[in-house]
Amino acid sequence: MRWGGLILLCLLPGPRGAGRPPGSPAAGEGRLGAGEPSKGTHISQDLVGRSLAIDTLPANETRIVEDNHSYYVSRTYGPGDARLRGLWVDMAAANRSHVKIHGILSNTHRQASRIVLSFDFPFYGHLLRQVTIATGGFIFMGDVIHRMLTATQYVAPLMANFNPSYSRNSTVQYLDNGTVFVVQWDKVYLQGKEDMGSFTFQAALHSTGRIVFGYKEIPVPVLQISATQHPVKAGLSDAFMILNPSPEVPESRRRTIYEYHRVELDTSRITSMSAVEFTPLPTCLQHQSCEMCVTSELTFNCSWCHVLQRCSSGFDRHREEWLSYGCGQQSDEKSCEDLAEDDHYSAPPSSSLSPPGEDVTASTSSLFVDGLTTEDDTKLNQYAGSEGVGSSLPAKAAGAPVHTGTIVGIVLAVLLIAAIILAGIYINSHPTSNAALFFIERRPHRWPAMKFRTQGRHATYAEVEAAGHEKEGFVEAEQC
């Protein structure tokens, strides 16, 4: 079976009612944190997050903005706020054994490197143990590395076309002390716009799931940064992946990513000496028993799948498995005892990915995320707003017969593998033969790293190899 390329992307709306967590203010109510002054407060409707943005402007010109985003509550702190000192992680004052300057990322442009964390980081309710740092001011949180990292599944304090290799003073460094993982883009410049000045900012991932963006030096308004060669945005995003049959080759599969949630920050609020703090909200995945799941007061419409022993709303990274086992077909009236005895929950993974009767589109139609390109042999799937996402998740063919061409292909593949093995044995046992000398003469001295490639105006990222590079007297030769 041949695996096709990865294609993006469909923006899925959250479940009905997911825009406001329990205890949060309804539209028109608003709320202020404890101890916040109410004088000079301006309340405005946030149409993207379907919540209220509260701008508090006390006499000392401190600006605090609070916003609810289904999965996270974000608070923006402006210059002069006393909380900023506790949010910024001083890398220079940290334990030197915990801080590393990434030698490859500090000397390259548009590269990404995977890092293994020392703790499990909760992201949208999923526990992650490894992330991918990119030179472009963001952290990729997905499992599958591809050339469209800027599209979704990211933690982006300031995603832009940064080039750390421009200056010897520019570095990408990270810290991991067991409770927090911090990535700092220090004194980095924009590619082709170096005259704008250097940027210094960081993203901190805490073991509790809290995320903090800290901005120390932002020389120009973010709205002035061009997005022609590279996306410019700030916020969070997550998605799930579905394997769909390829229309070109029936026996191959194609990975399609569906973005189910995004937090977009107002980049006009990103200034020097400011910060954004994201506090995670409870999700269905945290419930470990059927009783806790079905009695949950969350607004995600949690359901319990007995065969998977998992609580979910159906919109998370496990969606394909959730649909494969028929978990979305359960009835809300059934008790936990009924679910345990119900035979239809023992459906094998080969069952339909799109069970009949399940509304995948939730309350609104899907939105296609434009401005994305792919460099593989697949095509972007575009969905009409009236059709929704339900039509984009084709069901697997059940009981399809094995074609003669498939059998012939398997036999040929086995014969080819056998021939390669026999040739290798012959060359190994006859090192002075013409065949052995032929391969020895053409053996490469060093396998090249994956490098960034660009087609036209569109940028892509590639994962770099682990190797030692020097910058400013530091040598980074550990795992990247």
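The values are calculated or read from the model by the stated rules, or taken from the named source; none is laboratory data. Computed from a predicted model, the values in this text were never measured in an experiment. Neighbour counts are summed over all protein chains in view; Cβ atoms, including those assigned to glycine, are modelled from backbone coordinates with ideal geometry. Each accessible area value is taken on the protein alone, full model and side chains, heavy atoms only, with ligands, DNA and RNA left out. Shrake-Rupley method; radii C 1.70, N 1.55, O 1.52, S 1.80 Å.
Computed on protein heavy atoms with a 1.4 Å probe, the accessible areas place Leu298, Leu323 in the order Leu298, Leu323, largest first. A full extension of the chain between Leu422 and Asn434 corresponds to an added length of 2.7 nm, given 0.36 nm per residue minus the alpha carbon distance. Shape verdict for the range 155-227, please, from the Cα gyration tensor: rounded (a/c under 1.5), prolate (a/b greater than b/c) or oblate. Prolate, because a/c is 1.5 or more and a/b exceeds b/c.
The amide H of Lys233, built 1.01 Å from its N in the peptide plane, has Met159 as neighbours under 5 Å, considering only residues 5 or more places off or on other chains. Here is the P(r) of the range 230-311: all C-alpha pair distances, binned every 5 Å from 0, give 3, 11, 12, 13, 14, 14, 13, 11, 7, 3, 1 in whole percents. With the Cα gyration tensor of the range 73-130 giving a ≥ b ≥ c as the square roots of its eigenvalues, does the rule (a/c under 1.5 for rounded; else a/b larger than b/c for prolate; else oblate) give rounded, prolate or oblate? Note, shape of the range 73-130 comes out oblate. Each residue, Leu415 and Thr271, gets one label point 7 Å from its Cα in the Cβ direction; the gap between the two is 7.4 nm. What is the set of long-range amide H partners of Val263 at a cut-off below 5 Å, with H atoms built 1.01 Å from backbone N? Residues meeting the amide H criterion: Leu236, Ser237.
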